[in-house]
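Visitor: One structure follows; several queries about it will come next.
Each value in this text was obtained by applying a stated rule to the coordinates, not by laboratory testing. The structure presented is a predicted model; accordingly, all values stated were derived computationally and were not measured. Neighbour counts are summed over all protein chains in view; Cβ atoms, including those assigned to glycine, are modelled from backbone coordinates with ideal geometry.
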Amino acid sequence: MTKRQLFYVFNFLILALFIAAVVVDNNREWKGYQAEFNRLEVIRLKEAMNKAPDEAEKSALAVAVKLKKREPVAIKQILANDLGRADRCITCHPGFDPLANPTLTTPYEKAPYKTPEVAEHKSHNLTKLACTSCHMGQGLATTVEDAHGEVPHWEEPMLKGVYIQASCVRCHGDFKTLKGAETAKRGKELVDRLGCVGCHSFNGVGGEISVDLGDIADKPVSRIDWSHTGECKGAECGPLPRHQWNVKNWIEAHFTKDTLLLVPGDPEGHQCAPGAHCEPVPPSGMPPFSAELSKEDAAAITTYLMGQTSNKVPSNYYVYSAKEPEPKFANAVEHGKFVFSKYGCAGCHGEGGKEGRRNYNAKANDQTKMEEGREPTLVKVVGNFTRDELRDKIKKGVPASAVAKFKEDGPTPPLYMPKWEEKIKGAELEDLMTYLFSIAEKQEAW
Amino acid sequence: MAEPIKRKDFLWLGWGAVAAFCGAATAATARFMVPNVLYEPSQKFNAGPAKEFPIGVSLLWFKKQRVWIVRTEKGIYSLWARCTHLGCTPNWFLDQNRFKCPCHGSNYTPDGDVVAGPAPKPLYRCKVEVAASGDLVIDKAALENRPGVREKAPYFVEV
Amino acid sequence: MADNNAPAAPNPAPQPAAAAPKLDMDALLKEATNNQVWKSMFRNWPWQDNARHRARHIVDNLWLHLHPTKVRPRALETTFTWGLGGLSFLLYLLLTVTGVLLMFYYRPTVELAYQDMKDLEFAVSFGIFLRNAHRWGAHGMVTIVILHMIRVFLTGSYKKPREFNWGVGVILLTLTLFLSFTGYLLPWDQLAIWAVTVGTNMAAATPLLGNEGPFANLLGMTISNDVRFVLLGGTTVGANTLLRFYVMHCVLVPLVTGALIMLHFWRVRKDTFSAAPREPNEEKLDVWPHLVVREYIAAAICIAFIFFVSVYFNAPLEEVANPNVTPNPSKAPWYFLGLQELLVYFDPWIAGVLLPGLIIKGLCAIPYLDTNPKGVGEYNWKDRPFANAVFMFGIAMWFILIAIGVYCRGPNYFWYWPWESWLIHKPAPPATWSFPIWAGLVSLAAYGGLGMALPRVLKGDIDWKKANWGFAVFALALGAFMGFKGIETWRIIVVDILLWLTFVFGFLYPQRHLKELDFTRYSVTQSLNLMMMGVLLKMGVRLGLDVKYILELPQFNLNI
C-alpha cells in the first residue's frame, strides 16, 4: 500500500472505531428498557384519556401524555446514604420509583416493568432503604447481568424467591413473628431442631467443633474451595460454574449434597509433599443432612443463615424483638428435652437421641467402611450408664484422640464429645440426664 | 582584616551553602513523607503479664485478637490463627496437640508446621516482646514463618 | 518516492462542469488565508513545494522542529526504528489525555474509589471507553518502551556519542514502569491492593533501609519507619497509600517523566539520528514529508489499535479491596512478575532489590562497557556477536520469567500449566536442602573465580564445535549419574540445558570476544554476565535438585 492509501485507511479506521465507541456507549441496555417503559406508559395514558368521562380529566391526561413523551431517558437512582447504597434498579424497573410512581404498582405483566402490589414495599421506606439493602445484587450496575449480580467478582448476587427473607433476619430481631418471613423462621426452627449449635457457634455462642456461623453470609468467595460444589458423577463432584460462586450456593450445598462429597478431605494422606510425613485428613465432619431434608428445608436453612452477617445496619434501622418469655416446663423431662435441643445434642446423636449421625472412621457396629462410622445412638447406650457415670461423661466429654477408630491408620474422626462442664451445669445437667434416661431403651437382662 | 577573602574561596563557601540547603531540603522532604500519626487499626496489643501464661497453648486472646500464645520451657511465641491455605481460622486440640483448620483439614503442630492437609506453609508467628512492666506485647504486623528465623527474637521472647 | 507530498497538498478534484452554484474550494482557501491574522500564525505561507519550504515547515513549527530538516534514508525505513520511540511518546500523550479526563470522575479515597470505577463503567458517558483506553494504553506503553530499548540496543544507537541518552532512556523505562505501577492501585479492587502489596513488600527487603532487609537493625529500621512505610504512608496498603499513589501517578511521576522526555528528545537531536549511511556520499532526504508521514501513519495505526481494543475488551475490575482477604495467588503487575518469580528462588532482598538494581545499573553501564565501534546505526549481528547474544539472552530470560509468572503460577504459587484448572489440589513441592557452608563457599568461589579467570587465561582459539561435543559428553555422563541416583528425566534435562547455556554464554562467548577488553571493563562485563547466568543456574539447581540455597548464612541474611 502506498503511504497515501495508509493515510486514508487509518484515518477512516480511527473515525470508524470512534463511531463504534459512540454507538456502543449509546446503546446501553438500560436505555432500551426505559424507552420501552415510557412508550407503554404513553399508550396506557392515551387509552385512559380516551376513556375519560369528563373534559377536565381528559385535558389533565393529555398533559400527562405530553410530559411522558418529552421525558428524557436517563439513569435514575435511589440514594440511601445511611446504608451506603446508590441503587439504579429503577432505571429499568421504573415502576418501583417511589417518587415517580408512589403507588409502586403498574398494570404491566412483562419483566422488567411488572410491578405487582407488594406489602413489604409499602411498609418499607424505599427512599431511605433503596433496593439492594434487602434484595442484594449490584445496585451501581446498569446491565441486566451485572445488576442482578451473578457475575464473577460480585459477592452479593440478588436474593431471589424465598431467599429474600434472609434480609428480614438482618434487620428484624423479631423476624420469627414477622409476616412474610415464614421461610426464615422455618430455617431457624430447623437449625434449632437439627442441633447445629452442637458443633457451630453463632457469634461465639455454641459449639467449638466447627466454624462460627454468626457472620457466615460475609464469607469471601476466595476462602471457599469450589472444587466439589457442582454436579456429581457418582462419588466425584466437579466445581460449580464460575458465575455461581457465591456464599448462598456454598451454604445450600451443605444441605443438598452429601458433605463427604463436598469436602472430601484426604483420608489416605497423600496431599503433602512426596516423602514428607503426612497424616490423613477426614472429610467434612458435618453429618449428611441432605437425605433427611427436603429442597424447601434446605432453602429455609440457607435463608436463615444468609441473614447471619456482621455488616450491621445502623441501630436506628434495626428492629429489636420483644424479650421472649422464659419458657416454663411441666417437669424435669420436659426441661431436659429443652436442654438437649438448646445445646445441639441432636447434631451428633440425632433427634431425640434416636440415631447417632455419621462420624468418619469412628468405630461402630456392623461397619465395613470408614464412612459408616457413627456417633453413639443415645437411646441404645444411655441405659448402660449409671447416673454418676453419665454425669461424668457429659462433663468431661470424649476428646477426639480417644474416639475409637475403625481403621487405625485412618484419619482421626472429626466429631467428638466436647467437655460440657463449663456450659451445662446444675438443674440443666440433672434434668438433661433425667430426660436421657427417660428415652433410653429398656435394657434386657443379660 | 588581615587576609582578604579570595574570590575562589568565597565561591566555594557560597556554593557550599547552596549545597547544604539542597541537602537539608531533600532530607526535610523525606522526613515530611514519614507520617507521624496513622489512622490504621493498631496491630499491636498488650496481652497481659508474660509470666502468667501457663506452659502450652493459651487461647486467652484467640477470640479477640486471632492469636494463640504458646509458652515453652524457654519462652513465649505467638501464632497468628490464620490457615495458610485459604485463610480460615484453625482450632486448637489439646488432646491431639494439633491446630486443625475446619475448612479443609490442614493440621499444624504447636510449632506451626504443617503435618496434614493442603496448607503450603507453616503458620505465621507474630512479633513478641516483654515490656518493662512485664507485660507481653504482641505485634501482628510483623510476621515470620521460616524455620530458623522464627525461633529467634523478635518472634520469640525468653520468659 | 511516488507519494512525496501526498498528505500535504492533495490535488483538487476536477469540478463537475454543470454544477449550478460553483463551490470553489481553492478560492475559499485563498480568502481564508490571505489576511494578516493567518499570516501572523503561519509564516511559511503560501506553501510551495520546494526544498526551502519543506525545511522551513520543520524549523518554523514548535512541534516539528524536534526533528532535523533532513535525515539519512535508513532512518526512514520502517524496519529500522519501527517507530517505537515516537509511539512511546504518543502513548504518553494518549495516557495524559485519557488520564486527565478520568480524573474528573475519580476520587482517591478508600470509600469512593471503587464506586467511582463502577460509575465509570456503568453510568459515565464514554467512561468505560476512556478507562479501557487508559489501561490498555498503559500496558502498551510499557511494552513499546521495552521494545524501543531492544531496538536501540540492536542498532548500536547507544554508542558514542549517545551513551548519556541511553542512560536517560533506561531511567525513562523505570519511570514508565513506576507510572504504571502507581496507577495499578487506583481502582482499589482486590487485584490492585494485592498487586501493590506484593510489589511494595520488595521495598521492605532493601538492605539497611527496609525493615526486612539485611543490616536493617543497624539503622533501627522497623515496620513503621522504613522505606516501605514512607512509600505506603503506613504499615499496610491503606488510605494514605491510595492518596500517595494518586499524587505520584497523576502529578509527580508524569512531570518528571515529561521533563526527561524533553531531555531525551533534545539529546537525540543534538547527538543526531544514529542511522548509518547505506552508501557513501548518499543524499539525505527531507523530513517533511518523508519522516512526518511515516510517523503519522505509525501513530494512526497505534491509536486505531488502542481504540479497537478499548471498544471490545473491558479493563479488569475485581471485588472491592479487602485487606483481610488475600487472593491466592497474589500476583504483581505482569511486568514485575519476572522479579516475583525470582522470589521463589532467592531471598527477597536479592530478588526484589539487588537484582533489579543490578539490571538498571547494568543497562546504564552498557554504553561505557561496549568499546566495539562497529554496528552503529544498523542491525549488525556479524560484528557484534557478544553484545547482541548476551543482551538478547537476558531479554529472553526476562520475558520467559514473566510468562511463567503470568501463565504457570497458580494457588500457593505452585506450578500449574496454563491448561490446568486451579481447583486441582497440588501436593506441596518436595522438601528442599541447602549446601553446607563450606561447600557453598567453595562452589561460589569456583563459579566466580573460574568464570572470571578462564575466559581471560585461555588465550587460544577454542573450536566451538569440539567444545560443544565435549560438553555433550559431560552432560550425558552427568545425566547418567543423576539417573543412577534416581532423579527424574525432566530434572536431568533441565539441569543439563541450564549448564550448557552457562557454558556457552558464560564461557565460550566471553572467551572468544572479550579478549581485547581492558581489565576494568572486562571485570565489570564478565561479572554482570556471570551474575545473569548465576540466576539461571540457581533456578536450575532448585528445579532440578531441590537445592534451597547454595550458600546459607541466615545470620547475615545472606542466602544465595
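Visitor: Among all helices in chain A defined by DSSP H, which have a length of 27 Å or more along the axis from Cα atoms plus a Kyte-Doolittle mean of at least -0.5? If you can, show how the numbers build up before the last one.
Guide: Working: long enough: A:3-26 (34 Å, 1.41); A:29-51 (34 Å, -1.01).
Length and hydropathy pass: A:3-26.
Visitor: Let me ask another. Could you pull out every one of the lysines with an alpha carbon less than 28 Å from that of A:LYS3, ignoring same-chain neighbours closer than 8 positions?
Guide: C:LYS30, C:LYS70, C:LYS284
Visitor: Can I ask one more? With only alpha-carbon pairs counted, each pair once and no self-pairs, how large is the Kirkwood hydrodynamic radius of region A:75-158 in angstroms?
Guide: Numbers: mean 1/r = 0.0772 Å⁻¹.
Mean inverse Cα-Cα distance, inverted, gives 12.9 Å.
Visitor: Here's another thing I want to ask about it. Taking Rh as the Kirkwood radius, which is the inverse of the mean 1/r over Cα pairs, what is the Rg/Rh value for region B:30-74? All intermediate terms of the calculation are to be shown ahead of the outcome.
Guide: Values: Rg = 16.0 Å, Rh = 13.2 Å.
Rounded to two decimals, Rg over Rh is 1.21.
Visitor: Something else: Around A:THR229, what is the net charge, scoring Lys/Arg as +1 and Asp/Glu as -1 over all other residues with Cβ under 12 Å from its Cβ? Please report the intermediate quantities before stating the final value.
Guide: Details: positive: A:ARG242, A:LYS248, A:LYS257; negative: A:ASP225, A:GLU231, A:GLU252.
It works out to a net charge of 0.
Visitor: Hey, another quick one. Dipole size in debye (nearest 20) for chain C around its Cα centre, Lys and Arg Cβ +1, Asp and Glu Cβ -1? All intermediate terms of the calculation are to be shown ahead of the outcome.
Guide: Working: 45 positive and 37 negative charges, 257 e Å.
Dipole size: approximately 1240 debye.
Visitor: What does the convex hull of the Cα atoms come to per residue for region C:317-405, in Å³? Walk me through the intermediate numbers first.
Guide: Details: hull volume 13.3 nm³, N = 89.
Normalising the Cα hull of region C:317-405 by residue number yields 150 Å³.
Visitor: Going by how many other Cβ atoms sit within 10 Å of their own, how do A:THR229, C:THR79, C:THR174 line up, fewest first?
Guide: Values: A:THR229 25, C:THR79 7, C:THR174 14.
Placing the least packed residue first, the sequence is C:THR79, C:THR174, A:THR229.
Visitor: Just to confirm a number: summing +1 for Lys and Arg and -1 for Asp and Glu over residues other than C:ARG107 whose beta-carbon lies under 12 angstrom from that of C:ARG107, what do you get?
Guide: On the way: positive: none; negative: C:GLU111, C:ASP116, C:ASP119.
So the environment of C:ARG107 carries a net charge of -3.
Visitor: Further question: Loop only by DSSP, 13 or fewer other Cβ within 10 Å of the Cβ. Give me the chymotrypsin sites (Phe, Trp or Tyr not before Pro) in region C:304-354 that pass, ordered by residue number. Working shown, then result.
Guide: Values: sites: C:PHE305, C:PHE307, C:PHE308, C:TYR312, C:PHE313, C:TRP334, C:TYR335, C:PHE336, C:TYR345, C:PHE346, C:TRP349; in loops: C:PHE313, C:TYR345, C:PHE346.
Those that pass, being in a loop and sparsely packed, are C:PHE313.
Visitor: Per-residue Cβ counts within 10 Å, from other chains only, averaged over B:145-155: what number is that?
Guide: Details: counts 0, 2, 0, 3, 2, 0, 0, 2, 0, 2, 0.
The mean count of partner-chain Cβ atoms within 10 Å per residue comes to 1.
Visitor: Simple spin-label model, 7 Å along Cα-to-Cβ: B:ALA28 to C:PHE474 in nm?
Guide: In this crude spin-label approximation the distance works out to 6.1 nm.
Visitor: Treat the count of other C-beta atoms within 10 Å as a stand-in for reagent exposure and order A:SER284, A:SER227, A:SER123, C:SER527 from fewest to most.
Guide: Working: A:SER284 23, A:SER227 19, A:SER123 9, C:SER527 16.
The fewest-first ordering by Cβ neighbours comes to A:SER123, C:SER527, A:SER227, A:SER284.
Visitor: I'm checking a number: the convex hull volume of the Cα atoms of the protein assembly as shown, normalised per residue, in Å³. What is it?
Guide: Working: hull volume 372.3 nm³, N = 1165.
About 320 Å³ per residue, rounded to a whole number.
Visitor: Compute the helix-to-body angle for C:437-457: its Cα long axis versus the longest principal axis of chain C, expressed 0 to 90° and rounded to tens.
Guide: 50 degrees
Visitor: Nearest 0.05, what FRET efficiency do C:ASP463 and C:THR272 give at R0 = 60 Å with Cβ-Cβ as r? Display every interim value, and only then the final one.
Guide: Working: r = 42 Å, r/R0 = 0.70.
According to the calculation, E is roughly 0.90.
Visitor: Once you compute Rg and the Kirkwood Rh from C-alpha atoms, what is the Rg to Rh ratio for chain A? Mind showing how you got there, number by number?
Guide: Working: Rg = 29.7 Å, Rh = 26.5 Å.
Dividing the radius of gyration by the Kirkwood radius yields 1.12.
Visitor: Using θ = phi - 60° and the Karplus curve 6.51 cos²θ - 1.76 cosθ + 1.60, what whole-Hz ³J(HN,Hα) does each residue of region A:135-149 get, with Gly and Pro shown as x?
Guide: Working through the residues one at a time gives 7, 6, x, 9, x, 6, 7, 10, 10, 4, 5, 5, 5, 6, x Hz.
Visitor: Shifting gears a bit: Taking every residue in A:14-21, how many Cβ atoms of other protein chains lie within 10 Å of its Cβ, on average? Present the calculation step by step, with values, prior to reporting the outcome.
Guide: Details: counts 9, 2, 3, 10, 6, 1, 6, 11.
Taking all residues of A:14-21 together, the mean is 6.
Visitor: Across the residues of B:103-116, average count of Cβ atoms on other protein chains within 10 Å? Working shown, then result.
Guide: Values: counts 8, 12, 15, 4, 7, 0, 0, 0, 0, 0, 1, 7, 7, 13.
Across the residues of B:103-116, the mean count of other-chain Cβ atoms within 10 Å is 5.
Visitor: With no solvent and one equal point scatterer placed on each C-alpha of region A:1-120, evaluate the Debye formula and give log10 I(q)/I(0) for q = 0.11, 0.12, 0.15, 0.17 Å⁻¹, two decimals.
Guide: So the normalised log intensities are -0.56, -0.62, -0.81, -0.95.
Visitor: Say the dipole of the protein assembly as shown comes from +1 at the beta carbon of Lys and Arg and -1 at that of Asp and Glu; which of A:ASN246, C:LEU478, C:TRP166 then lies farthest toward its positive end?
Guide: Towards the positive end, the residue furthest out is C:TRP166.
Visitor: Per the Kirkwood definition applied to all pairs of different Cα atoms, how many angstroms is the hydrodynamic radius of region C:438-559? Numbers along the way, then the final one.
Guide: Numbers: mean 1/r = 0.0638 Å⁻¹.
So the Kirkwood estimate lands at 15.7 Å.
Visitor: Could you size up the charge dipole of the protein assembly as shown around its Cα centre, putting +1 on the beta carbon of Lys and Arg and -1 on that of Asp and Glu, and report it in debye to the nearest 20? Intermediate values should be presented prior to the final figure.
Guide: Numbers: 124 positive and 111 negative charges, 630 e Å.
With only Lys, Arg, Asp and Glu charged at Cβ, the dipole is about 3020 debye.
Visitor: Turning to a different aspect of this structure: Which far-off residues, 5 or more places away or on another chain, put their amide H under 5 Å from the one on B:GLY75, with H placed in the peptide plane?
Guide: Here B:VAL159 satisfy the definition.
Visitor: Say R0 is 35 Å: what FRET efficiency, to the nearest 0.05, do C:LEU243 and C:SER125 get from their beta-carbon distance? Numbers along the way, then the final one.
Guide: On the way: r = 27 Å, r/R0 = 0.78.
The computed FRET efficiency comes out at 0.80.
Visitor: How high is the FRET efficiency between C:LYS485 and C:MET103 when r is their beta carbon distance and R₀ equals 60 Å, given to the nearest 0.05? Intermediate results must be reported in sequence, preceding the final value.
Guide: Values: r = 62 Å, r/R0 = 1.03.
Given R0 = 60 Å and the Cβ-Cβ separation, E is 0.45.
Visitor: Still on this structure: Residue by residue through region B:120-131, what is 3J(HN,Hα) from phi via Karplus (6.51 cos²θ - 1.76 cosθ + 1.60, θ = phi - 60°)? Round to whole Hz and write x for glycine and proline.
Guide: Running phi through 6.51 cos²θ - 1.76 cosθ + 1.60 with θ = phi - 60° gives x, 9, x, 5, 7, 9, 8, 5, 10, 8, 9, 6 Hz.
Visitor: Starting from the Kirkwood Rh over alpha-carbon pairs, what translational D in µm² s⁻¹ does region C:351-471 have by Stokes-Einstein at 4 °C and 1.567 mPa s?
Guide: 67 µm²/s
Visitor: For the Cα atoms of chain C, what angle does the longest principal axis make with the long axis of helix C:287-312, in degrees from 0 to 90, nearest 10?
Guide: Compared with the principal axis, the helix lies near 60 degrees.
Visitor: Further question: Just subtract the alpha-carbon distance of B:ILE5 and B:LEU60 from 0.36 nm times their residue separation and send over the number in nm, one decimal.
Guide: Working: separation 55, 0.36 × 55 = 19.80 nm, distance 7.41 nm.
Working it through step by step, the gained length comes to 12.4 nm.
Visitor: How big is the gap, in Å, between the Cα center of region C:478-520 and the Cα center of region A:222-260?
Guide: Between the Cα centre of region C:478-520 and that of region A:222-260, the gap is 49 Å.
Visitor: Now for a different question. If you take the Cα atoms of chain B, find Rg, then find the Kirkwood Rh from the mean of 1/r over all pairs, what is Rg/Rh? Before the final figure, lay out the partial values.
Guide: Numbers: Rg = 25.6 Å, Rh = 18.9 Å.
That ratio is 1.35, to two decimals.
Visitor: Can you pull the three principal axis extents for the Cα set of region A:325-446, in Å, largest first?
Guide: 49, 35, 24
Visitor: What residue among A:CYS131, A:CYS92, A:THR434 has its Cα farthest toward the positive end of the dipole of chain A, where the charges are +1 on Lys, Arg and -1 on Asp, Glu, each on the Cβ?
Guide: A:CYS92
Visitor: Along its three principal axes, how long is region A:176-321 when you only count alpha carbons? Whole Å, largest extent first please.
Guide: Principal axes ranked by extent give 59, 31, 29 Å for the Cα atoms.
Visitor: Here's a follow-up. What spacing in nm lies between the two simple spin-label points modelled at A:LYS233 and C:ALA396, each 7 Å away from Cα in the Cβ direction?
Guide: 4.1 nm
Visitor: Let me ask you something else. In debye to the nearest 20, how big a dipole does chain B give about its Cα centre with +1 on each Lys and Arg Cβ and -1 on each Asp and Glu Cβ?
Guide: Values: 21 positive and 14 negative charges, 74 e Å.
Dipole magnitude for chain B comes out near 360 debye.
Visitor: Here is a follow-up. Counting other Cβ atoms within 10 Å, keep those with at most 16, restrict to DSSP loop, and tell me which trypsin sites (Lys or Arg not before Pro) in region A:254-347 are left. List each step's numbers first, then the result.
Guide: Working: sites: A:LYS257, A:LYS295, A:LYS312, A:LYS323, A:LYS328, A:LYS337, A:LYS342; in loops: A:LYS257, A:LYS312, A:LYS323, A:LYS328.
Answer by residue number: A:LYS312, A:LYS323, A:LYS328.
Visitor: I would also like to ask the following. Which of the GluC sites (Glu not before Pro) found in region C:281-374 are loop residues per DSSP with 12 or fewer other Cβ atoms within 10 Å of their Cβ?
Guide: C:GLU282, C:GLU283
Visitor: Moving to a separate point now. Could you list C:HIS139, C:HIS57 so that the one with the fewest beta carbons within 10 Å of its beta carbon is first and the one with the most is last? Write down the numbers at each step before the final one.
Guide: Details: C:HIS139 17, C:HIS57 21.
Least to most surrounded, the residues fall as C:HIS139, C:HIS57.
Visitor: Indicate the gyration tensor shape class of chain C (rounded, prolate or oblate), computed on the Cα atoms with a ≥ b ≥ c the square roots of the eigenvalues: a/c under 1.5 is rounded; otherwise a/b larger than b/c is prolate and the rest oblate.
Guide: Taking the square roots of the gyration eigenvalues as a ≥ b ≥ c, chain C is oblate.
Visitor: While we're looking at this one, here's another question. Which one, C:LEU231, C:GLY199, C:ALA276, is farthest towards the positive end of the dipole of region C:195-303 when Lys and Arg carry +1 and Asp and Glu -1 on their Cβ?
Guide: C:LEU231
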